[in-house]
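The values are calculated or read from the model by the stated rules, or taken from the named source; none is laboratory data. All of these numbers come straight from a predicted model, not from anything done at the bench. FYI the Cβ positions are ideal-geometry reconstructions off the backbone, even for glycines, and counts take in every protein chain you see. These accessible areas exclude ligands, DNA and RNA; they are computed on the full protein's heavy atoms, side chains included. Shrake-Rupley method; radii C 1.70, N 1.55, O 1.52, S 1.80 Å.
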Number of protein chains: 2
Amino acid sequence: MLKTYFPILDWGRAYNKQALSNDLIAAVIVTIMLIPQSLAYALLAGLPPEAGIYASILPIILYAIFGTSRALAVGPVAVVSLMTAAAIGEVAAQGTMGYALAALTLALMSGVILLVMGVFKLGFLANFLSHPVIAGFITASGIIIAASQLKHILGVDASGHNLLELVLSLFEHLGQVNLPTLVIGVTATGFLFWVRMGMKPMLMRLGLSAGAAGVATKAGPVLAVVFSTVAVWAFGLADQGVRIVGEVPQSLPPLTMPSFSPELLRDLAVPALLISVIGFVESISVAQTLAAKKRQRIDPDQELIGLGAANIGAAFTGGYPVTGGFARSVVNYDAGAETPAAGAFTAVGLAIAAVALTPLVFFLPKATLAATIIVAVLSLVDFSVLKHSWNYSKADFMAVLATILLTLGVGVEVGVSAGVILSVLLYLYRTSRPHIAEVGLVAGTEHFRNILRHEVQTHPTLLTIRVDESLYFANARYLEDYILNRVSEDKALKHVVLMCPAVNFIDLSALESLEAINLRLQEMGVTLHLSEVKGPVMDRLQKTHFLNALTGQVFLSQYQATHELTPLNVAK
Amino acid sequence: MLKTYFPILDWGRAYNKQALSNDLIAAVIVTIMLIPQSLAYALLAGLPPEAGIYASILPIILYAIFGTSRALAVGPVAVVSLMTAAAIGEVAAQGTMGYALAALTLALMSGVILLVMGVFKLGFLANFLSHPVIAGFITASGIIIAASQLKHILGVDASGHNLLELVLSLFEHLGQVNLPTLVIGVTATGFLFWVRMGMKPMLMRLGLSAGAAGVATKAGPVLAVVFSTVAVWAFGLADQGVRIVGEVPQSLPPLTMPSFSPELLRDLAVPALLISVIGFVESISVAQTLAAKKRQRIDPDQELIGLGAANIGAAFTGGYPVTGGFARSVVNYDAGAETPAAGAFTAVGLAIAAVALTPLVFFLPKATLAATIIVAVLSLVDFSVLKHSWNYSKADFMAVLATILLTLGVGVEVGVSAGVILSVLLYLYRTSRPHIAEVGLVAGTEHFRNILRHEVQTHPTLLTIRVDESLYFANARYLEDYILNRVSEDKALKHVVLMCPAVNFIDLSALESLEAINLRLQEMGVTLHLSEVKGPVMDRLQKTHFLNALTGQVFLSQYQATHELTPLNVAK
């Protein structure tokens, strides 16, 4: 019981020297990678650079205690940082105390939402984000994030929460471009693209193993940070208008207090919910991918608790919303992390960095951080989901297209909400006009098939209709209209059999429609029968008066119905 | 073609003397009934009394031209009047010009919404109001309407848009009760209840036919109006604090102009949508009930156009939102109306009343109008839907209960919206955790049944799973978890067959889950097969790579799958 809520008790008991050594090595590598990444994502969220580091310390430790993934690395990630900027940009101006306070509050609210979802086992709610909607959202977010960082590469002021605003704002400020910044930005971006594409093959040619070369390439951003910082310092570029990180407090994460202002809580409620769900979906898919490789198990509801605890931790230690990140988790896994203790050691490494190393980033140009973000997020951009969904299902395609267009054109919150709502509406629309087939007997078998698709036997007095959907309020009237129109055209009919092998439930509205169909058919002198009603549906019908009122019978099989109602030769 | 949009061309051509005489008689009876009813519903909507009469003139004529029902009588109805009061009470104070203007605007918006729904054939949207939610909403609205009229019976000021506010407000003002008003109110209410319950049997005992007695009882409210008006005039009760209708302009409906202020349009958008849908549902169910009795056909999309035209007419002639009313339509039908011309004659009758008879209602006490409303709406109150739904389906019960409680406790808009949203959410929840059964062969047949419910044959190397739901984003992961958990527990398994007779479609998310299941099972050395995949689903799968990647086969029948995959004796 206790182990369910504290997975640390499970792996902690079996911890040994070998695991310790593997975890320590992984922690060192991840720490080095996380320092520039944390600063960069804080920049993306519109927060001071140290917020990114603080958000990676206590949250990692709390996740190590409560989470079930052995390799997941929790902290700021690109999409959640963007969503944070979009949400708190609505309630406070960037750079003010109110802005940082709103970030803490957002982290707290996300944490509480995740925790509640975990305790009440509501993880299935995340399933309402369909795969194609997530894919479209991530792609569109990647584009917006990259666009939002161009201002740092150009050294201009620009702002906006969607692609249109960002591009217009960039054009407006194009006259202010700062040349030294542009040189640093473009060089760093080019270098990082090369690191991603060409460095690993080069290192392997130099004799490194694929794994080691892969891990080493993750240090690329650190190289870019070091070189550009030295360049700014050596050539005094800060005086020529290159914007730098500047002073970062040398301190452990401070104890902070989120706001409980009812107005702020209300304004942030929807963003907090979206951030929670998006963060959870991103985190769980990373965790499950990594766990599957080692045949480990992820408990989605316990993951919610782990992420909830991490976010609450972020709220009280100067951070902002966090989740399990793809890049950092993969590095952690590839570097050999065996248990969540690797995360705890990473937290110690970052704490040391926060206390000792922050003066070293004083001259770090923001353009370099922007370059690391751009290179990281462009790998998320993948439009192939549009082609897949177009080929397979137009409904999925429409949901993806709406998600991408609205995310780019209006913003992240509208985009992802629209995707979810549209998926649900398209599903409801589809089930509200179910596939209804008139069926006949396949000669020599007991099978019944669509008369339009197969050569089948029918009889003029018998109409057999198979409805391929559960019957509920949204399609009850559709079935009613279909049957009554079909029967009123055909004077020879004496029996209608509704074949129900695909009817998984019948709600009260549909039951009333069946009663109406039964009554109207009776007035026309036609008998209504049912066949192949499923066990659970039959159990429920038996509690009503419908079976007494039914003019015909309920047949166990359509074969039997045909046999009893027509002189049709059904002998094999 | 033209006849579709102008049903008048259809019945107008065959119009004859007999129909004319029947329609004229019906019109006289309906006119007499409508005068007090129209005044009363205007009072309920918070509008001056003449608004109720104006709303019954042009709208009736427009519906006669565009509508498809032969007997439907269009005009103000109780529930829509209540919803109008709730909606415009939010944007303007009662008795002001802004209030009347908002009512016109609301009628215009409803009209446009209905027209657009009709032209684009969106009538099916009304199906998302499930039968139990409508039943609950009507019951709760009836209670609120009755409660809102108690102030007129007591002669006090009170207000509120939900039951709690109304009751509290009544208690607060209990000290102001006006005795003469109370006497009139209670007497009128008691008399009208007697008319409804005891007058028809009495008239029948006196020798009237059941039909004539039924129509005569509808004149009860007119008697109450006449007697109470005379009493107020004769005893000078207006000077003793009995509130009266007072001066009503003697005029034909004026030409009015709704507002096009963007702010007002925005504020009224949601109420206008709700009023349109609720009004349409009420109207169409009355129309279909009456049409079925004479084997006539109602075209729902054309009905939307007819109601849309009626509401636009109301907007420009001093009215407010209208729809087809139950009581007035039944009277029209029972009085022998044969064609929509009866409606047009009623409109003429009401126009005469508006010009000539309004001075007669100067001394009419509001308490009498309140009494007619209370007696009319209490017949709508019926809690039996709670019992039905409790017995049949807890999901339906929850939706009804929420609708009733929120309508009573918060208000009509929240109540009906919550009912719709909750029905949809409960449906999504149900389909997100589909019924999944492990099945086996019923000996001596080709049928497969749930191993928990039936005596069936299985084989240790073969797991056959039947999923009783279409596979889509909300349940894809559920299926994935179910299969992988089940398989990982059972080391003897070599084959898994997913039996799909109840799978009506597979969306892209579910396809990706099937791919994941296939891959994971492959890693465990287990082969995945499908069986009994429906034609449309198979067509779609054939466009993907899934069937190539599938480790096993797709069997036409589960019988064939069992035969080929196991040594199980499947010979009959």
For A:A376, only one of the following conditions fails: (1) over 30 Å from A:G246 (Cα atoms); (2) at pLDDT below 90. What is its number?
(1)
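Could you tell me which of the residues B:L357, B:L405 is in a helix (DSSP H, G or I) and outside the structural domain of B:L274 (by TED's automatic domain parsing)?
On the way: B:L357 fails: outside the structural domain of B:L274 (by TED's automatic domain parsing).
So the residue among B:L357, B:L405 that is in a helix (DSSP H, G or I) and outside the structural domain of B:L274 (by TED's automatic domain parsing) is B:L405.
So which of A:V439, A:V414, A:V410 ends up being more than 10 Å from every other protein chain (Cβ to nearest Cβ) and buried (at least 20 other Cβ atoms within 10 Å of the Cβ)?
On the way: A:V414 fails: buried (at least 20 other Cβ atoms within 10 Å of the Cβ); A:V410 fails: buried (at least 20 other Cβ atoms within 10 Å of the Cβ).
Checking each option against the conditions leaves just A:V439.
Do you know which residues across region A:291-318 are open to solvent by less than 10 Å² (accessible area, probe 1.4 Å) and among the aliphatic types (A, V, I, L, M)?
To start, the set of residues in region A:291-318 that are open to solvent by less than 10 Å² (accessible area, probe 1.4 Å) comprises A:291, A:302-304, A:306-308, A:310-311, A:313-315.
Result: A:A291, A:L304, A:L307, A:A310, A:A314, A:A315.
Criterion first (on the phi < 0 side of the Ramachandran plot, at pLDDT 90 or above and crowded, with 24+ Cβ neighbours inside 10 Å) does B:A107 satisfy it?
Values: on the phi < 0 side of the Ramachandran plot: yes; at pLDDT 90 or above: yes; crowded, with 24+ Cβ neighbours inside 10 Å: yes.
Judged against the criteria, B:A107 is a match.
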Taking region B:541-559 as the search range and keeping residues that are in a loop (DSSP other than H, G, I, E, B) and among the hydrophobic types (A, V, I, L, M, F, W, C), which one is nearest to the other protein chains (Cβ to nearest Cβ)?
B:L556
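Select, from B:V177, B:V222, the only residue that is within 34 Å of the chain's Cα centre (by Cα) and assigned by TED's automatic domain parsing to the domain that holds B:V331. Walk me through it before giving the result.
Numbers: B:V177 fails: within 34 Å of the chain's Cα centre (by Cα).
On inspection, the qualifying residue turns out to be B:V222.
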Mind checking which residues of region B:483-510 are more than 10 Å from chain A (Cβ to nearest Cβ), assigned to a helix (DSSP H, G or I) and at pLDDT 90 or above?
B:I483
Search result, residues across region A:84-99 that are open to solvent by 50 Å² or more (accessible area, probe 1.4 Å) and either free of Cβ contacts under 8 Å to residues at least 60 places away in the same chain or on the phi > 0 side of the Ramachandran plot (or both):
A:A93, A:Q94, A:G95, A:T96, A:M97
Count of region B:152-181 residues which are open to solvent by 50 Å² or more (accessible area, probe 1.4 Å) and in a helix (DSSP H, G or I)
10
Does region B:182-202 hold any residues that are open to solvent by 40 Å² or more (accessible area, probe 1.4 Å) and polar (S, T, N, Q), and which are they?
B:T187
Contacts under 7 angstrom Cβ, first residue in region A:194-205 being under 14 Å from A:P221 (Cα atoms), partner modelled with pLDDT of 85 or more, 6 or more apart
A:R196/A:V375
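Yes/no matrix, rows are residues, columns are (1) touching a residue at least 12 places away in the same chain (Cβ under 8 Å); (2) of a type in the set (A, V, I, L, M, F, W, C):
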| position | (1), (2) |
| --- | --- |
| B:L360 | yes, yes |
| B:V385 | yes, yes |
| B:S389 | yes, no |
| B:K394 | no, no |
| B:L441 | yes, yes |
| B:F448 | yes, yes |
| B:T461 | yes, no |
Scope region B:253-287; condition farther than 17 Å from B:Q302 by Cα and of a type in the set (F, W, Y); matching residues:
B:F260
In region A:337-362, residue nearest to the chain's Cα centre (by Cα) [restricted to those that are within 15 Å of A:Q250 (Cα to Cα) and open to solvent by less than 30 Å² (accessible area, probe 1.4 Å)]
A:L350
Which members of region B:442-478 meet the condition of being open to solvent by 60 Å² or more (accessible area, probe 1.4 Å), facing chain A (nearest Cβ under 8 Å) and either closer than 17 Å to B:I517 by Cα or over 42 Å from the mean Cα position of the chain (by Cα) (or both)?
B:H447, B:R477, B:Y478
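Yes/no matrix, rows are residues, columns are (1) within 14 Å of another protein chain (Cβ to nearest Cβ); (2) on the phi > 0 side of the Ramachandran plot:
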{"residue": "A:L82", "(1), (2)": "no, no"}
{"residue": "A:L101", "(1), (2)": "no, no"}
{"residue": "A:V116", "(1), (2)": "no, no"}
{"residue": "A:L125", "(1), (2)": "yes, no"}
{"residue": "A:S130", "(1), (2)": "yes, no"}
{"residue": "A:A135", "(1), (2)": "yes, no"}
{"residue": "A:A140", "(1), (2)": "no, no"}
{"residue": "A:G160", "(1), (2)": "no, yes"}
{"residue": "A:L164", "(1), (2)": "no, no"}
Restricting attention to region B:380-392, does a residue exist that is open to solvent by less than 60 Å² (accessible area, probe 1.4 Å), part of a helix (DSSP H, G or I), within 11 Å of another protein chain (Cβ to nearest Cβ) and over 30 Å from B:M197 (Cβ atoms)?
yes
Restricting attention to region A:217-224, does a residue exist that is surrounded by fewer than 19 Cβ atoms within 10 Å (Cβ to Cβ) and under 22 Å from A:L154 (Cα atoms)?
yes
Would you confirm whether any residue within region A:365-373 is in contact with a His (Cβ under 9 Å, 6 or more places away or on another chain), open to solvent by 30 Å² or more (accessible area, probe 1.4 Å) and closer than 24 Å to A:A103 by Cα?
yes
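Report the residue count in region B:480-524 for those that are polar (S, T, N, Q) and open to solvent by 10 Å² or more (accessible area, probe 1.4 Å). Steps first, answer last, please.
Initially, region B:480-524 is screened for residues polar (S, T, N, Q), giving B:485, B:488, B:504, B:509, B:513, B:518, B:522.
This time we only want the ones that are open to solvent by 10 Å² or more (accessible area, probe 1.4 Å), so: B:485, B:488, B:504, B:522.
Total satisfying the criteria: 4.
Would you pick out the residues in region B:127-141 that are in a helix (DSSP H, G or I) and open to solvent by less than 10 Å² (accessible area, probe 1.4 Å)? First the steps, then the outcome.
Here is the first cut: in region B:127-141, the ones in a helix (DSSP H, G or I) are B:127-128, B:131-141.
If the condition is that a residue be in a helix (DSSP H, G or I) and open to solvent by less than 10 Å² (accessible area, probe 1.4 Å), then B:P132, B:V133, B:G136, B:F137, B:T139, B:A140, B:S141 are the ones that fit.
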Which residue, of A:L24, A:L62, is assigned by TED's automatic domain parsing to the domain that holds A:V226 and either outside any helix (DSSP H, G or I) or modelled with pLDDT of 90 or more (or both)?
A:L62
